[in-house]
Amino acid sequence: MTEDIATLRARTEAALDEPARAWLDQATTETVQPHTKDWELRFAEAGRRCGTPHADAVRILLLHAARADTATLTRLYEQGAAAERRAVLAALPHVVPGPEALPLVEDALRTNDTRLVAAAVGPYAAAHLAPHHWRHAVLKCLFTGVPVDAVAGLAARARGDAELARMLGDFAHERTAAGRHVPADLHRVLALTTPPAPEAEES
C-alpha cells in the first residue's frame, strides 16, 4: 500500500531538524509559483539540505506539490543522478494515475543498479506493469539480488501464475546446471505461485 502524502509529510517533518523543515516549506511553496522552475533546483539539492536518509521523501513531496507531469518526471529522471532517479520512481504512484510513466520503470529495470531496480518494482509497477514485463521484473530482482520484499503486490500478482512458476523453474535449473546458488527468495516466490486450494463443498 502506498503511504498517503499527508502521512509522508508529517513523518518527514518530524524527522527533520528546524532548518531542514524551513527549507522544505520554502521549497514546496516555490512549486506553486507560476513561470518558475526553481523547485527543480531544490529537487536536486534535497539530499544536501535535508540529509541523505530523508532525500527520497522530500523529493516525493516536491514532485507531488509541483503536480509534476510525465514530461517533467521524464526530464528529471533522465538528467538526474541515481538518487534523483530513484525518487522519481518512488513518486510515480503519488503523481501519475495511469500507465504513461511506465517507460521510466522499464528503463530502470534494464539497469543493474539494485537501488533503481528496487524502486522500479514498487506500487506503480504493481498497478500498471503488464504480466509479461512484471514476471521479468521479478526475475530481475532474483538475478541482481534485490530482495523480493521490494516487489509491491507480490503475493497477489504471483498467486496462481503458472507462467511465472515455469520461468522460476527454468531459472533455478539454469543456476543449478551452472553450479551457481539458487536464491532462497526464488523458492519463496515459487511457493506463492501455487493456486489456492479449492474450498471443500459442504455436505
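The values are calculated or read from the model by the stated rules, or taken from the named source; none is laboratory data. Please read all numbers here as calculations on a predicted model, not as lab measurements. Here the Cβ positions follow ideal geometry from the backbone for every residue, glycine too, while neighbour counts run over all protein chains shown. Protein only, heavy atoms only, side chains kept; ligands, DNA and RNA dropped before computing areas. Shrake-Rupley method; radii C 1.70, N 1.55, O 1.52, S 1.80 Å.
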Determine the order of Thr74, Thr52, Thr114 by accessible area, beginning with the largest, at a probe radius of 1.4 Å.
Thr52, Thr114, Thr74
Computed over the chain, the relative contact order (Cα-Cα under 8 Å, seq sep at least six) in percent reads 14 percent
For Cys141, solvent-accessible area (1.4 Å; no DNA, RNA or ligand), Å²:
0 Å²
Size descriptor, Kirkwood hydrodynamic radius, that averages inverse alpha-carbon separations across region 21-95, Å
12.0 Å
Region 26-128, accessible area per residue, ligands and nucleic acids excluded (1.4 Å, Å²):
46 Å²
For region 1-141, what is the per residue volume of the convex hull drawn over the alpha-carbon atoms, in cubic angstrom?
103 Å³
With the dipole of region 23-92 worked out from charges on the C-beta (+1 for Lys and Arg, -1 for Asp and Glu) around the Cα centre, which of Phe43, Thr31, Ala55 lies farthest toward the positive end?
Ala55
Starting from the residue with the highest accessible area, list Arg67, Arg42 in decreasing order, probe 1.4 Å.
Arg67, Arg42
When only the heavy atoms of the protein chains count and the probe is 1.4 Å, how do Ile5, Ile60 rank by accessible area, highest first?
Ile5, Ile60
To the nearest 20 debye, what is the magnitude of the charge dipole of region 9-71 about its Cα centre, counting +1 on the Cβ of each Lys and Arg and -1 on the Cβ of each Asp and Glu?
120 debye
Using a 1.4 Å probe, how large is the accessible area of Arg49, given in Å² and rounded to the nearest 10?
120 Å²
Using the Karplus curve 6.51 cos²θ - 1.76 cosθ + 1.60 with θ = phi - 60°, work out ³J(HN,Hα) for each residue of region 147-158 in order, rounded to whole Hz, and write x for Gly and Pro.
x, 5, 4, 6, 7, 5, x, 4, 4, 5, 7, 7
How big is the dipole moment of region 67-203 about its Cα centre under a simple scheme where the beta carbon of each Lys and Arg is +1, that of each Asp and Glu is -1, and everything else is neutral? Debye, nearest 20, please.
480 debye
What distance in nm lies between label points placed 7 Å from Cα along the C-beta direction at Ala162 and Ala10?
4.7 nm
